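Student: Structure in structure tokens, see below.
The values are calculated or read from the model by the stated rules, or taken from the named source; none is laboratory data. Keep in mind that this is a model prediction, so the values were computed, not measured. Neighbour counts run over all protein chains shown; Cβ positions are idealised from the backbone, glycine included. Ligands, DNA and RNA are excluded from the accessible area calculation, which covers all protein heavy atoms including side chains. Shrake-Rupley method; radii C 1.70, N 1.55, O 1.52, S 1.80 Å.
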Amino acid sequence: MYVKELFVDNFRNLQKQKIEFCEGINIFYGLNAQGKSNLLESIRLLSMGRSFRGSKTTELIKFGEDYFYVKAIICQENNDKKIEFGYKRNENKVIKVNGNKIKSTSELLGQLLTVIFSPEDLNIIKEGPSHRRKYLDSCISVVEKNYLYNLMQYNKILINRNKLLKTIKEGKSRSILEVFDDQLVEYGAKIIVVRQSYLKNVEINIKKFLLEISNETAEIVYLNSVGLKDASDEEIVKKRLKEKLLKNIDLDLKYLTTQVGAHREDFKIIINGYDSRVYSSQGQQRTVALCLKLSEFEILKKETGEKPILLLDDVMSELDENRKKYILERLQGFQTFITHTTKRDLKGDCYFKISNGVVIKE
């Protein structure tokens, strides 16, 4: 799988243009704020249906305009696939695959496989549990067909349960709470079991990569909401989750929020026996984030049988020569997009200069 060409119109600061890419390593260089990251963002948008920077869809429109449009031609097993994403201000976004409009962003997942490396990846290690849950859910949603649906159903039930807690505190009956608990347990157990399986695969890869890069040891600890060391048995997870919900009902009513469940989970990455979030240096945390992304890439490749496309947004300047060499060696045979301020210290198959939103192939 590789992106053959990209067409952008009114996307961020990028000028209206069509760009043709190489199958190998594509280097995009130029000064800051010229549009390098915007180019990768447009590709990632066609892959995941949202900005990797967390931007709202309206914020992707070029200043002074009222719409944007992005289209890519993807080559997959000698067949071309067309993916389009359009949005006009105050209207619904339109996403099409081979000319057919899709109903939801979830249908887009898996059509264009990408892994994004960016300086913000460090937040997965440094910040709180919500960052790690969000990252984990995003990765799993691409490789597990029903995961996103189960997650969306769980969140809907959770919202309704929390609303119900407020009415119970005001004197309403608790009897209906059991209905919501049963539904929360049903979807929550499925989410927990899949997370357990995915993190086991992540741990295998991270151990390998970290040992090769810096000769350090790694372990992943899944802090699941049922308190099980092994949460792979769905029936056992259901039983424990139901018990936990019943046990915590007084706390739930006190705070008017559900205190136990998949929405409260986290995972730790242990380096040399210590929690990387608390005790690792900035350099170690950066290496852990890199290994996490390489693991995402390996799992995506194995589960789909396709070669994902790598998007490296301004990360090379933050890596030492050893890590830079390691990652470039692993990129061989895959289409890669790298943004950098200069082309001098990077070897690529194609080079593009970006200036004021204009991409010029050299």
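Student: Report Lys88's accessible area, 1.4 Å probe, all protein chains in place, as a number in Å² to the nearest 10.
Tutor: Roll a 1.4 Å probe over it and Lys88 shows about 90 Å².
Student: Quick check: pseudo-label points 7 Å beyond the Cα along Cα→Cβ at Leu228 and Arg344, how many nm apart are they?
Tutor: Here the modelled spin labels are 5.7 nm apart.
Student: Work out how much length Lys88 to Ile204 would gain on full extension: take 0.36 nm times their residue separation and subtract the Cα-Cα distance, in nm to one decimal.
Tutor: 37.4 nm
Student: Restricting the count to DSSP beta bridges whose residues both fall in the chain, what percent are antiparallel, rounded to a multiple of 5?
Tutor: Within the chain, antiparallel bridges account for around 70 percent of the total.
Student: Would you be so kind as to identify which of Tyr149, Asn248, Gln196 lies farthest towards the positive end of the dipole of segment 141-250, taking Lys and Arg as +1 and Asp and Glu as -1 on Cβ and the Cα centre as origin?
Tutor: Asn248
Student: Here is a further query. Label Arg53 and Leu211 with points 7 Å out from Cα along Cα→Cβ: what is the distance between them in nm?
Tutor: 4.0 nm
Student: While we're here: Percent relative contact order of segment 127-305, based on C-alpha pairs within less than 8 angstrom and at least six residues apart?
Tutor: This gives 28 percent for segment 127-305.
Student: Let me ask you something else. With θ set to phi - 60°, apply the Karplus curve 6.51 cos²θ - 1.76 cosθ + 1.60 along segment 333-345 and write out the HN-Hα couplings as whole Hz, x wherever there is a Gly or Pro.
Tutor: For segment 333-345, the Karplus curve yields x, 10, 6, 9, 10, 10, 9, 7, 7, 9, 9, 5, 9 Hz.
Student: Which chymotrypsin sites (Phe, Trp or Tyr not before Pro) in segment 40-92 sit in a loop by DSSP (not H, G, I, E or B) and have at most 11 other Cβ atoms within 10 Å of their own Cβ?
Tutor: Phe63
Student: Relative contact order of segment 31-119: what whole-number percent is it, with Cα pairs under 8 angstrom and at least 6 residues apart?
Tutor: 25 percent
Student: Something else about it: Over the chain, give the accessible area per residue in Å² for a 1.4 Å probe, as an integer.
Tutor: 49 Å²
Student: Nearest 0.05, what FRET efficiency do Asn79 and Lys145 give at R0 = 22 Å with Cβ-Cβ as r?
Tutor: 0.50
Student: May I ask you to rank His131, His340 by accessible area, largest first, using a 1.4 Å probe over the protein chains only?
Tutor: His131, His340
Student: Excluding same-chain residues fewer than 8 positions from Lys134, which lysines have a Cα within less than 18 Å of its Cα?
Tutor: Lys56, Lys126, Lys145, Lys156, Lys190, Lys200, Lys268, Lys293
Student: In nm, give the distance between the simple-model label positions of Asn155 and Glu120, each being 7 Å from the Cα along the Cα-to-Cβ direction.
Tutor: Here the answer is 1.6 nm between the modelled labels.
Student: With a cut-off of 8 Å between alpha carbons and a minimum separation of six or more residues, what is the relative contact order of the chain in percent?
Tutor: Relative contact order of the chain: 27 percent.
Student: Which value, in debye to the nearest 20, gives the size of the charge dipole of the chain about its Cα centre, when Lys and Arg are +1 and Asp and Glu are -1 at the Cβ?
Tutor: Value, rounded to 20: 840 debye.
Student: Work out which helices of the chain, taken as complete DSSP H runs, extend at least 15 Å along their axis over the Cα atoms and score a mean Kyte-Doolittle of -1.0 or more, then list them.
Tutor: The qualifying helices are 36-48, 129-143, 147-169, 177-214, 282-304.
Student: Give the cysteines in the chain for which no other Cys Cβ lies under 4.7 Å away, or write none if there are none.
Tutor: Cysteines of the chain left without a disulfide-compatible partner: Cys75, Cys139, Cys291.
Student: Quantify, in whole percent, the carbon and sulfur part of the accessible surface of the chain (1.4 Å probe; protein heavy atoms only).
Tutor: It is 48 percent, rounded to a whole number.
Student: Counting other C-beta atoms within 10 Å, and keeping those with at most 13, which DSSP coil GluC sites (Glu not before Pro) do you find in segment 60-93?
Tutor: The qualifying sites are Glu65, Glu77, Glu91.
Student: Just read off the accessible area of Ser55 with the full protein assembly in place, 1.4 Å probe, to the nearest 10 Å².
Tutor: Using a 1.4 Å probe on the heavy atoms, I get roughly 30 Å².
Student: Check the straight Cα-Cα distances from Lys343 and name the lysines below 21 Å, setting aside those fewer than 8 residues away within the same chain.
Tutor: Qualifying lysines at Cα under 21 Å: Lys36, Lys324, Lys325, Lys353, Lys361.
Student: Report the paramagnetic label zone for Lys163: residues of segment 98-135 whose backbone N is under 11 Å from a point 7 Å from Cα along the Cα-to-Cβ axis.
Tutor: none
Student: Protein chains only, probe 1.4 Å: how do Lys307, Lys229, Lys325 rank by accessible area, largest first?
Tutor: Lys229, Lys325, Lys307
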